[in-house]
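*Asks:* For reference, the structure I am asking about is given below.
The values are calculated or read from the model by the stated rules, or taken from the named source; none is laboratory data. These figures come from a predicted structure and were not determined experimentally. Cβ coordinates were reconstructed from backbone atoms using ideal geometry, including for glycine residues, and neighbour counts include every protein chain displayed.
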Amino acid sequence: MPMKSKMTLDRVASRFGVASRADSRKAIVAGRMKVNGRTVRDPDIWVSPDTDTFLLDGQKLKPARKRYLLFYKPKGVITSHGDPAGRDTIYKYLGDDNKWVSPVGRLDKDTSGLLLLTNDTKFADFITSPESEVPKTYLVKASGLLSDQVIAQLSAGVEMKRGDVAHPLSVARREDRGKYTWLDVVLTEGKNREVRRMMEAVGFVVLKLVRTRIGPLTLEGLQVGKWRELNSDEMSGLRKMRKR
């Protein structure tokens, strides 16, 4: 059995839509879970969701229907199930029916825009892996007017703090408006806060950041704070990217 097809028991229970991972661990430790007919109390045991049989309180578990959501994340909202500080999370907007889908990658609190959510781990791994080279497009408002030379410098790649190097797919001026330049930045790597750190590396600060596109997916027709299921054409477009 390939190791990539295995995961820990608590993760299987969570992915099957039983409960959150924390609550799944409690149920397993309490002896409520059986794997292939045997009670298992270790939530960290490795199992195969494809071939093993799971019972919770005597009821057979089946994989939850795979869900693929496109969400227009508002600024000021964090991408987690809960927050000790009491800040709003994306699940406030998604509703109870979607509490077991997880973000595909992250958007920081001050970034708005397109966020994918799913319970399909293989799909999520494909979208987030740098090797997949799925382009993510960001609309950036910079803290000043950028010269063509600075934009060319960003396009060629810049060294950020801590020695990371950003290699954007493209950086293009959208417009100069007043004292500020608006850019379209396309990335495939997904380093932590990469756009913000790129701009800081050339002496500017990001005043506004919106992710506008992931691959063929856009925010068109979607209001801030709203979500929808991906349609068949969108899923087909993503599948074609996987076959490149």
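*Asks:* Any chance the stretch 104-111 includes a residue that's among the aliphatic types (A, V, I, L, M) and surrounded by 19 or more Cβ atoms within 10 Å (Cβ to Cβ)?
*Replies:* Looking through the stretch 104-111, at least one residue is among the aliphatic types (A, V, I, L, M) and surrounded by 19 or more Cβ atoms within 10 Å (Cβ to Cβ).
*Asks:* Same structure again: Would you mention how many residues in the stretch 137-173 are more than 11 Å from Leu183 (Cα to Cα), without any contact (Cβ under 8 Å) to a residue 40 or more places away in the chain and surrounded by fewer than 19 Cβ atoms within 10 Å (Cβ to Cβ)?
*Replies:* Qualifying residue count, the stretch 137-173: 13.
*Asks:* To continue, here is another question. Across the stretch 84-125, which residue is nearest to Lys208 (Cα to Cα) among those that are modelled with pLDDT under 90 and in contact with a Ser or Thr (Cβ under 6 Å, 6 or more places away or on another chain)?
*Replies:* Arg106
*Asks:* Assuming Asp97 fulfils every condition listed in (1) surrounded by 18 or more Cβ atoms within 10 Å (Cβ to Cβ); (2) free of Cβ contacts under 8 Å to residues at least 12 places away in the same chain apart from one, which condition is it?
*Replies:* All conditions are met except number (1).
*Asks:* Looking only at residues that are of a type in the set (Val, Ile, Thr) and surrounded by 19 or more Cβ atoms within 10 Å (Cβ to Cβ) in the stretch 120-136, which one is nearest to Pro49 (Cα to Cα)?
*Replies:* Among those that are of a type in the set (Val, Ile, Thr) and surrounded by 19 or more Cβ atoms within 10 Å (Cβ to Cβ), it is Ile127.
*Asks:* Take the stretch 20-30 and flag every residue that is at pLDDT below 85 and either out of contact with any helix residue (DSSP H, G or I) (no Cβ under 7 Å at 6 or more places or on another chain) or farther than 18 Å from Pro63 by Cα (or both).
*Replies:* Scanning the stretch 20-30 gives Ala22, Asp23.
*Asks:* Sort through Val40, Val29, Val35, Val47 and tell me the only one that's over 27 Å from Gly215 (Cβ atoms), out of contact with any Lys or Arg (no Cβ under 9 Å at 6 or more places or on another chain), surrounded by 13 or more Cβ atoms within 10 Å (Cβ to Cβ) and without any contact (Cβ under 8 Å) to a residue 60 or more places away in the chain.
*Replies:* Exactly one residue qualifies, and that residue is Val35.
*Asks:* Looking only at residues that are out of contact with any strand residue (DSSP E or B) (no Cβ under 6 Å at 6 or more places or on another chain) and more than 15 Å from Val206 (Cβ to Cβ) in the stretch 158-172, which one is modelled with the highest pLDDT?
*Replies:* Only one residue fits best here, namely His167.
*Asks:* Another question, then. Within the group Ala19, Ala13, Ala27, which residue is in a loop (DSSP other than H, G, I, E, B), among the aliphatic types (A, V, I, L, M) and outside the structural domain of Gln223 (by TED's automatic domain parsing)?
*Replies:* Ala19
*Asks:* Would you be able to tell me the number of residues in the stretch 208-223 that are surrounded by fewer than 14 Cβ atoms within 10 Å (Cβ to Cβ) and either within 21 Å of Ser129 (Cβ to Cβ) or not small (Gly, Ala, Ser) (or both)?
*Replies:* Total satisfying the criteria: 2.
*Asks:* Next question. Go through Thr181, Thr188 for me and flag whichever is in contact (Cβ under 8 Å) with a residue 24 or more places away in the chain and over 23 Å from the mean Cα position of the chain (by Cα).
*Replies:* Thr181
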